[in-house]
1. Just wondering, is there one or more residues in the range 128-146 that are over 23 Å from the mean Cα position of the chain (by Cα) and free of Cβ contacts under 8 Å to residues at least 24 places away in the same chain?
2. I'm trying to understand the selection: among the residues of the range 340-377, which are more than 17 Å from PHE289 (Cα to Cα), part of a loop (DSSP other than H, G, I, E, B) and in contact (Cβ under 8 Å) with a residue 12 or more places away in the chain?
3. Please specify each residue of the range 13-47 satisfying the condition of being surrounded by fewer than 20 Cβ atoms within 10 Å (Cβ to Cβ) and either assigned to a loop (DSSP other than H, G, I, E, B) or not assigned by TED's automatic domain parsing to the domain that holds ARG91 (or both).
4. Are any residues in the range 327-338 over 22 Å from ARG377 (Cα atoms) and either part of a helix (DSSP H, G or I) or of a type in the set (Lys, Arg) (or both), and if so, which ones?
5. In the range 191-223, what residues are part of a helix (DSSP H, G or I) and modelled with pLDDT under 95?
6. Check off (1) within 24 Å of PRO383 (Cβ to Cβ); (2) surrounded by 14 or more Cβ atoms within 10 Å (Cβ to Cβ) for TRP123 and give me the number that stays unchecked.
7. Going by what's in this entry, would CYS98 be described as within 13 Å of ASP16 (Cβ to Cβ), in contact with a helix residue (DSSP H, G or I) (Cβ under 8 Å, 6 or more places away or on another chain) and not small (Gly, Ala, Ser)?
Amino acid sequence: FGESLSTGQIIELTRDVRAEALTGAKDMPDPLRLAAALDKAARDLRLALPNEGARFTAASVRRKREVSDALAALDSALRSVCATLDALSERSEGLARCAERARTSQALLERWRDDSRADLVRWIEVFSHSLRLNATPLSIAAIFRRQLDGHPRAWIFTSATLAVAGDFSHYRGEMGLDDARTAFWDSPFDYAAQALLYVPTKLPDPNSDEHTRAVVAASLPVIRASGGSAFLLFTTLRAMRLAHELLREEFRRHALGFPLMLQGEGSRSELLERFRRLGNAVLLGSASFWEGVDVRGDALSLVVIDKLPFAPPDDPVLAARLDSLAREGGNPFLGYQLPQAVISLKQGAGRLIRDETDRGVLVICDPRLFSKPYGRRILASLPPMKLVRELDKVLSFIAADPKSLRAAPAA
(Lines give C-alpha, C1' and ligand atoms only; values in the text may rest on other atoms or scores of the structure.)
Protein backbone atom coordinates (compact mmCIF):
# COMPACT_ATOMS: atom_id res chain seq x y z
CA PHE A 1 0.00 0.00 0.00
CA GLY A 2 3.01 2.30 0.34
CA GLU A 3 5.52 3.45 -2.25
CA SER A 4 9.26 3.93 -2.34
CA LEU A 5 12.11 5.28 -4.44
CA SER A 6 15.75 4.30 -3.98
CA THR A 7 18.95 5.92 -5.17
CA GLY A 8 19.84 2.51 -6.59
CA GLN A 9 16.81 2.66 -8.89
CA ILE A 10 17.83 6.10 -10.11
CA ILE A 11 21.45 5.06 -10.74
CA GLU A 12 20.18 2.05 -12.71
CA LEU A 13 17.98 4.42 -14.72
CA THR A 14 20.99 6.60 -15.57
CA ARG A 15 22.89 3.57 -16.86
CA ASP A 16 19.99 2.63 -19.11
CA VAL A 17 19.64 6.22 -20.35
CA ARG A 18 23.32 6.24 -21.33
CA ALA A 19 23.00 2.92 -23.14
CA GLU A 20 19.85 3.94 -25.03
CA ALA A 21 21.24 7.40 -25.88
CA LEU A 22 24.39 5.90 -27.40
CA THR A 23 22.26 3.89 -29.83
CA GLY A 24 19.18 6.07 -30.33
CA ALA A 25 20.43 9.62 -29.83
CA LYS A 26 24.09 9.71 -30.82
CA ASP A 27 23.68 13.20 -32.23
CA MET A 28 22.40 14.61 -28.93
CA PRO A 29 24.91 15.31 -26.13
CA ASP A 30 22.26 16.30 -23.56
CA PRO A 31 21.09 12.80 -22.53
CA LEU A 32 24.61 11.70 -21.58
CA ARG A 33 25.38 14.93 -19.73
CA LEU A 34 22.08 14.96 -17.85
CA ALA A 35 22.31 11.27 -16.99
CA ALA A 36 25.73 11.91 -15.45
CA ALA A 37 24.30 14.82 -13.45
CA LEU A 38 21.41 12.66 -12.22
CA ASP A 39 23.82 9.87 -11.25
CA LYS A 40 25.86 12.36 -9.21
CA ALA A 41 22.73 13.79 -7.56
CA ALA A 42 21.63 10.31 -6.45
CA ARG A 43 25.06 9.47 -5.03
CA ASP A 44 25.30 12.86 -3.30
CA LEU A 45 21.97 12.21 -1.56
CA ARG A 46 23.28 8.90 -0.21
CA LEU A 47 26.48 10.60 1.02
CA ALA A 48 24.44 13.25 2.84
CA LEU A 49 23.36 10.53 5.32
CA PRO A 50 26.41 8.50 6.36
CA ASN A 51 24.62 6.32 8.95
CA GLU A 52 24.38 2.85 7.39
CA GLY A 53 21.46 0.81 8.66
CA ALA A 54 19.66 3.84 10.10
CA ARG A 55 16.09 5.01 9.61
CA PHE A 56 14.97 8.63 9.76
CA THR A 57 11.70 10.49 9.49
CA ALA A 58 11.41 12.91 6.62
CA ALA A 59 10.96 15.80 9.05
CA SER A 60 14.17 15.02 10.92
CA VAL A 61 16.42 14.72 7.85
CA ARG A 62 15.00 17.69 6.02
CA ARG A 63 16.07 19.89 8.90
CA LYS A 64 19.63 19.07 7.82
CA ARG A 65 20.73 21.54 5.16
CA GLU A 66 22.89 19.06 3.25
CA VAL A 67 20.00 16.58 2.94
CA SER A 68 17.50 19.25 1.95
CA ASP A 69 19.88 20.59 -0.70
CA ALA A 70 20.60 17.05 -2.00
CA LEU A 71 16.86 16.30 -2.35
CA ALA A 72 16.32 19.55 -4.24
CA ALA A 73 19.26 18.77 -6.54
CA LEU A 74 17.91 15.29 -7.23
CA ASP A 75 14.48 16.70 -8.06
CA SER A 76 16.03 19.25 -10.43
CA ALA A 77 18.18 16.61 -12.15
CA LEU A 78 15.20 14.29 -12.58
CA ARG A 79 13.10 17.08 -14.11
CA SER A 80 15.86 17.87 -16.62
CA VAL A 81 16.18 14.21 -17.62
CA CYS A 82 12.38 13.94 -17.97
CA ALA A 83 12.18 16.97 -20.27
CA THR A 84 15.02 15.73 -22.51
CA LEU A 85 13.77 12.13 -22.73
CA ASP A 86 10.20 13.24 -23.47
CA ALA A 87 11.53 15.06 -26.53
CA LEU A 88 13.47 11.96 -27.65
CA SER A 89 11.01 9.22 -26.72
CA GLU A 90 9.77 8.74 -30.29
CA ARG A 91 13.25 7.74 -31.46
CA SER A 92 13.20 4.30 -29.85
CA GLU A 93 11.21 2.08 -27.51
CA GLY A 94 14.18 2.06 -25.14
CA LEU A 95 14.23 5.84 -24.82
CA ALA A 96 10.44 5.85 -24.36
CA ARG A 97 10.72 3.33 -21.52
CA CYS A 98 13.46 5.41 -19.89
CA ALA A 99 11.27 8.52 -20.20
CA GLU A 100 8.40 6.72 -18.46
CA ARG A 101 10.68 5.50 -15.65
CA ALA A 102 12.07 9.00 -15.17
CA ARG A 103 8.57 10.51 -14.96
CA THR A 104 7.52 7.87 -12.44
CA SER A 105 10.61 8.50 -10.31
CA GLN A 106 10.12 12.27 -10.41
CA ALA A 107 6.45 11.92 -9.41
CA LEU A 108 7.40 9.63 -6.51
CA LEU A 109 10.01 12.11 -5.31
CA GLU A 110 7.57 15.01 -5.59
CA ARG A 111 4.96 13.17 -3.52
CA TRP A 112 7.58 12.20 -0.94
CA ARG A 113 8.60 15.86 -0.51
CA ASP A 114 4.97 17.00 -0.12
CA ASP A 115 4.43 17.94 3.55
CA SER A 116 0.65 18.26 3.22
CA ARG A 117 -0.13 14.51 3.39
CA ALA A 118 -0.87 13.83 7.06
CA ASP A 119 -2.07 10.32 6.22
CA LEU A 120 1.42 9.22 5.10
CA VAL A 121 4.51 8.43 7.13
CA ARG A 122 7.50 9.60 5.09
CA TRP A 123 10.86 8.18 6.09
CA ILE A 124 14.33 7.26 4.83
CA GLU A 125 16.17 3.96 5.16
CA VAL A 126 19.94 4.06 4.69
CA PHE A 127 21.95 1.12 3.31
CA SER A 128 25.67 0.72 2.70
CA HIS A 129 25.61 2.00 -0.91
CA SER A 130 22.11 3.43 -1.31
CA LEU A 131 19.12 4.86 0.48
CA ARG A 132 15.40 4.50 0.00
CA LEU A 133 12.68 7.12 0.36
CA ASN A 134 9.52 5.49 1.73
CA ALA A 135 5.95 6.73 2.04
CA THR A 136 3.84 4.40 4.19
CA PRO A 137 0.15 4.90 5.00
CA LEU A 138 -0.45 5.76 8.65
CA SER A 139 -3.30 3.27 8.48
CA ILE A 140 -4.36 0.90 5.70
CA ALA A 141 -7.85 0.34 7.12
CA ALA A 142 -9.61 2.89 4.88
CA ILE A 143 -7.53 1.93 1.85
CA PHE A 144 -8.29 -1.76 2.24
CA ARG A 145 -11.93 -1.03 2.98
CA ARG A 146 -12.17 0.67 -0.43
CA GLN A 147 -10.59 -2.41 -2.01
CA LEU A 148 -13.26 -4.60 -0.44
CA ASP A 149 -16.11 -2.31 -1.43
CA GLY A 150 -14.77 -2.14 -4.99
CA HIS A 151 -14.87 -5.92 -5.33
CA PRO A 152 -18.19 -7.05 -3.82
CA ARG A 153 -17.85 -10.74 -3.06
CA ALA A 154 -17.26 -13.05 -0.12
CA TRP A 155 -13.83 -12.43 1.44
CA ILE A 156 -12.33 -15.10 3.69
CA PHE A 157 -9.15 -14.49 5.68
CA THR A 158 -7.47 -17.48 7.30
CA SER A 159 -4.35 -17.69 9.43
CA ALA A 160 -3.00 -19.57 12.43
CA THR A 161 -1.50 -16.47 14.06
CA LEU A 162 -3.77 -13.44 13.73
CA ALA A 163 -5.76 -13.82 16.95
CA VAL A 164 -4.51 -12.54 20.30
CA ALA A 165 -5.79 -14.89 23.02
CA GLY A 166 -8.57 -15.90 20.61
CA ASP A 167 -9.54 -12.27 19.88
CA PHE A 168 -9.36 -10.85 16.34
CA SER A 169 -10.04 -7.22 17.32
CA HIS A 170 -6.53 -5.98 16.55
CA TYR A 171 -6.43 -7.51 13.07
CA ARG A 172 -9.96 -6.38 12.25
CA GLY A 173 -9.15 -2.82 13.30
CA GLU A 174 -5.90 -2.71 11.33
CA MET A 175 -7.58 -4.00 8.16
CA GLY A 176 -10.83 -2.03 8.40
CA LEU A 177 -12.89 -5.21 8.92
CA ASP A 178 -15.09 -3.87 11.71
CA ASP A 179 -18.18 -5.81 10.61
CA ALA A 180 -16.43 -9.09 9.81
CA ARG A 181 -17.57 -12.32 11.41
CA THR A 182 -14.81 -14.34 13.08
CA ALA A 183 -14.30 -17.95 14.13
CA PHE A 184 -11.49 -19.69 15.97
CA TRP A 185 -10.70 -23.41 15.88
CA ASP A 186 -8.18 -25.35 17.92
CA SER A 187 -5.15 -26.79 16.16
CA PRO A 188 -5.24 -30.45 15.09
CA PHE A 189 -1.83 -30.87 16.75
CA ASP A 190 -1.65 -32.37 20.24
CA TYR A 191 0.60 -29.68 21.66
CA ALA A 192 0.37 -31.02 25.22
CA ALA A 193 2.00 -34.27 24.08
CA GLN A 194 4.08 -33.06 21.15
CA ALA A 195 5.72 -29.93 22.56
CA LEU A 196 7.15 -28.33 25.65
CA LEU A 197 7.47 -24.60 26.38
CA TYR A 198 10.58 -23.81 28.41
CA VAL A 199 11.10 -20.37 29.95
CA PRO A 200 14.47 -20.45 31.79
CA THR A 201 14.75 -18.82 35.20
CA LYS A 202 17.22 -16.16 36.36
CA LEU A 203 17.49 -14.49 32.97
CA PRO A 204 18.80 -10.90 32.87
CA ASP A 205 16.79 -7.98 31.54
CA PRO A 206 16.25 -8.61 27.80
CA ASN A 207 17.61 -5.15 26.97
CA SER A 208 20.84 -5.65 28.94
CA ASP A 209 24.25 -6.38 27.46
CA GLU A 210 24.34 -9.74 29.24
CA HIS A 211 21.12 -11.08 27.75
CA THR A 212 22.46 -12.68 24.56
CA ARG A 213 25.17 -14.49 26.53
CA ALA A 214 22.48 -15.78 28.89
CA VAL A 215 20.40 -16.98 25.91
CA VAL A 216 23.34 -19.00 24.61
CA ALA A 217 24.11 -20.40 28.06
CA ALA A 218 20.49 -21.46 28.56
CA SER A 219 20.20 -22.94 25.07
CA LEU A 220 23.42 -24.93 24.94
CA PRO A 221 22.36 -27.90 27.16
CA VAL A 222 19.08 -28.16 25.24
CA ILE A 223 20.91 -28.07 21.91
CA ARG A 224 23.20 -30.87 23.12
CA ALA A 225 20.28 -32.99 24.33
CA SER A 226 18.26 -32.54 21.13
CA GLY A 227 21.25 -33.41 18.95
CA GLY A 228 21.25 -30.04 17.23
CA SER A 229 18.19 -29.78 14.95
CA ALA A 230 17.62 -26.26 16.23
CA PHE A 231 16.49 -22.84 15.10
CA LEU A 232 17.68 -19.90 17.22
CA LEU A 233 15.55 -16.88 16.31
CA PHE A 234 16.63 -13.35 17.26
CA THR A 235 14.93 -9.98 17.23
CA THR A 236 18.07 -8.13 16.08
CA LEU A 237 20.93 -8.90 13.72
CA ARG A 238 23.40 -7.72 16.34
CA ALA A 239 22.21 -10.31 18.88
CA MET A 240 22.15 -13.00 16.19
CA ARG A 241 25.77 -12.35 15.21
CA LEU A 242 26.97 -12.25 18.80
CA ALA A 243 25.18 -15.52 19.59
CA HIS A 244 26.78 -17.09 16.53
CA GLU A 245 30.25 -16.14 17.76
CA LEU A 246 29.50 -17.44 21.26
CA LEU A 247 28.05 -20.73 20.02
CA ARG A 248 30.94 -21.30 17.65
CA GLU A 249 33.34 -20.96 20.58
CA GLU A 250 31.21 -23.21 22.81
CA PHE A 251 30.96 -25.87 20.10
CA ARG A 252 34.76 -25.76 19.71
CA ARG A 253 35.38 -25.85 23.46
CA HIS A 254 33.05 -28.79 24.04
CA ALA A 255 33.99 -30.60 20.80
CA LEU A 256 30.41 -30.44 19.48
CA GLY A 257 30.21 -31.15 15.78
CA PHE A 258 26.75 -29.78 15.02
CA PRO A 259 26.84 -27.81 11.76
CA LEU A 260 26.44 -24.14 12.69
CA MET A 261 24.63 -21.98 10.13
CA LEU A 262 23.98 -18.23 10.04
CA GLN A 263 21.44 -16.16 8.18
CA GLY A 264 23.23 -14.33 5.37
CA GLU A 265 25.66 -17.15 4.51
CA GLY A 266 23.40 -18.00 1.59
CA SER A 267 19.84 -17.43 0.43
CA ARG A 268 17.06 -18.53 2.75
CA SER A 269 16.10 -21.38 0.43
CA GLU A 270 19.72 -22.58 0.22
CA LEU A 271 20.15 -22.52 4.00
CA LEU A 272 16.87 -24.36 4.57
CA GLU A 273 17.71 -27.04 2.00
CA ARG A 274 21.06 -27.62 3.69
CA PHE A 275 19.45 -27.58 7.14
CA ARG A 276 16.93 -30.27 6.14
CA ARG A 277 19.60 -32.38 4.47
CA LEU A 278 22.04 -32.29 7.40
CA GLY A 279 19.43 -33.27 9.98
CA ASN A 280 21.39 -32.05 13.03
CA ALA A 281 22.27 -28.45 12.16
CA VAL A 282 21.87 -25.35 14.31
CA LEU A 283 20.66 -22.33 12.36
CA LEU A 284 20.64 -18.76 13.68
CA GLY A 285 18.27 -16.36 12.00
CA SER A 286 16.49 -13.06 12.38
CA ALA A 287 13.30 -11.63 10.89
CA SER A 288 13.18 -13.65 7.65
CA PHE A 289 13.18 -16.99 9.52
CA TRP A 290 10.33 -16.14 11.91
CA GLU A 291 7.65 -16.89 9.32
CA GLY A 292 7.10 -18.76 6.06
CA VAL A 293 9.55 -21.54 6.99
CA ASP A 294 8.39 -25.16 7.01
CA VAL A 295 10.78 -27.84 8.32
CA ARG A 296 9.00 -31.06 9.25
CA GLY A 297 10.31 -34.12 11.03
CA ASP A 298 13.41 -34.70 13.14
CA ALA A 299 15.50 -32.08 11.31
CA LEU A 300 13.91 -29.44 13.57
CA SER A 301 13.04 -30.33 17.16
CA LEU A 302 14.14 -27.19 19.02
CA VAL A 303 13.22 -23.52 18.53
CA VAL A 304 14.83 -20.87 20.73
CA ILE A 305 13.49 -17.29 20.73
CA ASP A 306 15.76 -14.74 22.39
CA LYS A 307 13.12 -12.20 23.48
CA LEU A 308 9.60 -10.98 22.87
CA PRO A 309 9.56 -9.41 19.37
CA PHE A 310 8.46 -5.87 20.16
CA ALA A 311 9.14 -3.59 17.21
CA PRO A 312 12.12 -1.26 17.75
CA PRO A 313 11.02 2.08 19.21
CA ASP A 314 13.07 4.03 16.66
CA ASP A 315 11.03 2.67 13.76
CA PRO A 316 9.55 5.79 12.07
CA VAL A 317 6.31 4.09 11.01
CA LEU A 318 5.74 2.58 14.44
CA ALA A 319 6.45 5.90 16.17
CA ALA A 320 3.97 7.73 13.94
CA ARG A 321 1.25 5.13 14.47
CA LEU A 322 1.74 5.16 18.24
CA ASP A 323 1.57 8.97 18.29
CA SER A 324 -1.63 8.87 16.24
CA LEU A 325 -3.18 6.29 18.55
CA ALA A 326 -2.27 8.35 21.63
CA ARG A 327 -3.78 11.50 20.11
CA GLU A 328 -7.03 9.59 19.56
CA GLY A 329 -7.11 8.61 23.23
CA GLY A 330 -6.00 5.00 22.77
CA ASN A 331 -3.36 3.01 24.60
CA PRO A 332 -0.41 2.64 22.20
CA PHE A 333 1.13 -0.29 24.07
CA LEU A 334 -1.96 -2.39 24.73
CA GLY A 335 -3.70 -1.37 21.53
CA TYR A 336 -0.84 -1.81 19.08
CA GLN A 337 2.60 -2.83 20.35
CA LEU A 338 1.50 -5.80 22.41
CA PRO A 339 -0.85 -7.37 19.81
CA GLN A 340 1.82 -6.97 17.12
CA ALA A 341 4.41 -8.63 19.36
CA VAL A 342 2.04 -11.50 20.15
CA ILE A 343 1.38 -12.14 16.46
CA SER A 344 5.11 -12.09 15.66
CA LEU A 345 5.87 -14.41 18.59
CA LYS A 346 3.22 -16.88 17.45
CA GLN A 347 4.76 -16.87 13.99
CA GLY A 348 8.19 -17.67 15.39
CA ALA A 349 6.82 -20.33 17.73
CA GLY A 350 4.93 -21.85 14.82
CA ARG A 351 8.19 -23.02 13.24
CA LEU A 352 8.37 -25.91 15.74
CA ILE A 353 5.35 -28.19 15.23
CA ARG A 354 4.52 -28.52 11.54
CA ASP A 355 3.00 -32.02 11.44
CA GLU A 356 1.02 -34.45 13.60
CA THR A 357 4.19 -36.49 14.19
CA ASP A 358 6.54 -33.61 15.03
CA ARG A 359 7.87 -33.29 18.55
CA GLY A 360 10.03 -30.62 20.12
CA VAL A 361 10.85 -27.88 22.60
CA LEU A 362 10.15 -24.16 22.36
CA VAL A 363 12.47 -22.00 24.47
CA ILE A 364 11.59 -18.34 25.09
CA CYS A 365 14.36 -16.49 26.91
CA ASP A 366 12.39 -13.47 28.13
CA PRO A 367 11.68 -13.00 31.85
CA ARG A 368 8.91 -10.51 31.07
CA LEU A 369 6.57 -13.46 30.49
CA PHE A 370 6.44 -13.70 34.29
CA SER A 371 7.65 -10.33 35.52
CA LYS A 372 5.17 -8.16 33.58
CA PRO A 373 1.37 -8.16 33.82
CA TYR A 374 1.04 -8.59 30.06
CA GLY A 375 3.06 -11.81 30.14
CA ARG A 376 -0.03 -13.80 31.06
CA ARG A 377 -1.84 -12.54 27.97
CA ILE A 378 1.09 -13.53 25.77
CA LEU A 379 1.28 -17.03 27.25
CA ALA A 380 -2.46 -17.46 26.70
CA SER A 381 -1.97 -16.68 22.99
CA LEU A 382 0.63 -19.42 22.44
CA PRO A 383 -0.27 -23.01 21.51
CA PRO A 384 -1.28 -25.04 24.60
CA MET A 385 2.12 -26.58 25.30
CA LYS A 386 3.08 -27.73 28.77
CA LEU A 387 5.05 -24.93 30.43
CA VAL A 388 8.16 -25.72 32.46
CA ARG A 389 10.93 -23.63 33.97
CA GLU A 390 13.33 -26.38 35.04
CA LEU A 391 16.04 -27.66 32.71
CA ASP A 392 15.84 -31.23 34.00
CA LYS A 393 12.20 -31.48 32.88
CA VAL A 394 13.23 -30.36 29.41
CA LEU A 395 15.98 -32.96 29.23
CA SER A 396 13.57 -35.66 30.42
CA PHE A 397 11.04 -34.68 27.75
CA ILE A 398 13.69 -34.96 25.04
CA ALA A 399 15.06 -38.25 26.38
CA ALA A 400 11.56 -39.76 26.41
CA ASP A 401 11.56 -39.82 22.60
CA PRO A 402 14.42 -41.97 21.27
CA LYS A 403 13.95 -40.59 17.75
CA SER A 404 14.86 -37.08 18.84
CA LEU A 405 17.81 -38.08 21.01
CA ARG A 406 20.96 -38.07 18.94
CA ALA A 407 24.42 -38.14 20.39
CA ALA A 408 26.38 -34.95 19.90
CA PRO A 409 28.86 -35.60 17.08
CA ALA A 410 32.51 -34.83 17.64
CA ALA A 411 33.84 -31.71 16.00
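1. Looking only at the range 128-146, we keep the residues that are over 23 Å from the mean Cα position of the chain (by Cα), and these are 142, 145-146.
Still in the running and free of Cβ contacts under 8 Å to residues at least 24 places away in the same chain: 146.
Within the range 128-146, one or more residues are over 23 Å from the mean Cα position of the chain (by Cα) and free of Cβ contacts under 8 Å to residues at least 24 places away in the same chain.
2. Scanning the range 340-377 gives ASP355, GLU356, THR357, ASP358, ARG359, CYS365, ASP366, PRO367, TYR374.
3. LYS26, ASP27, MET28, PRO29
4. Narrowing the range 327-338 to residues over 22 Å from ARG377 (Cα atoms): 327-329.
Answer for the range 327-338, where residues must be over 22 Å from ARG377 (Cα atoms) and either part of a helix (DSSP H, G or I) or of a type in the set (Lys, Arg) (or both): just ARG327.
5. Within the range 191-223, TYR191, ALA192, ALA193, GLN194 meet the criteria.
6. The failed condition is (1).
7. Working: within 13 Å of ASP16 (Cβ to Cβ): yes; in contact with a helix residue (DSSP H, G or I) (Cβ under 8 Å, 6 or more places away or on another chain): yes; not small (Gly, Ala, Ser): yes.
Against the criterion (within 13 Å of ASP16 (Cβ to Cβ), in contact with a helix residue (DSSP H, G or I) (Cβ under 8 Å, 6 or more places away or on another chain) and not small (Gly, Ala, Ser)), CYS98 qualifies.
Listed here are the residues, each with its yes/no results for (1) modelled with pLDDT of 90 or more; (2) surrounded by 14 or more Cβ atoms within 10 Å (Cβ to Cβ); (3) outside the structural domain of LEU162 (by TED's automatic domain parsing).
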{"site": "SER324", "(1), (2), (3)": "no, yes, yes"}
{"site": "GLY329", "(1), (2), (3)": "yes, no, yes"}
{"site": "ASP355", "(1), (2), (3)": "no, no, yes"}
{"site": "ILE364", "(1), (2), (3)": "yes, yes, yes"}
{"site": "ARG368", "(1), (2), (3)": "yes, yes, yes"}
{"site": "PRO373", "(1), (2), (3)": "yes, no, yes"}
{"site": "GLU390", "(1), (2), (3)": "yes, no, yes"}
{"site": "VAL394", "(1), (2), (3)": "yes, yes, yes"}
{"site": "ILE398", "(1), (2), (3)": "yes, yes, yes"}
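The values are calculated or read from the model by the stated rules, or taken from the named source; none is laboratory data. On a predicted model such as this, the values are computed, not experimentally measured, just so you know. Backbone-built Cβ (ideal geometry, glycine too); neighbour counts: all protein chains shown.
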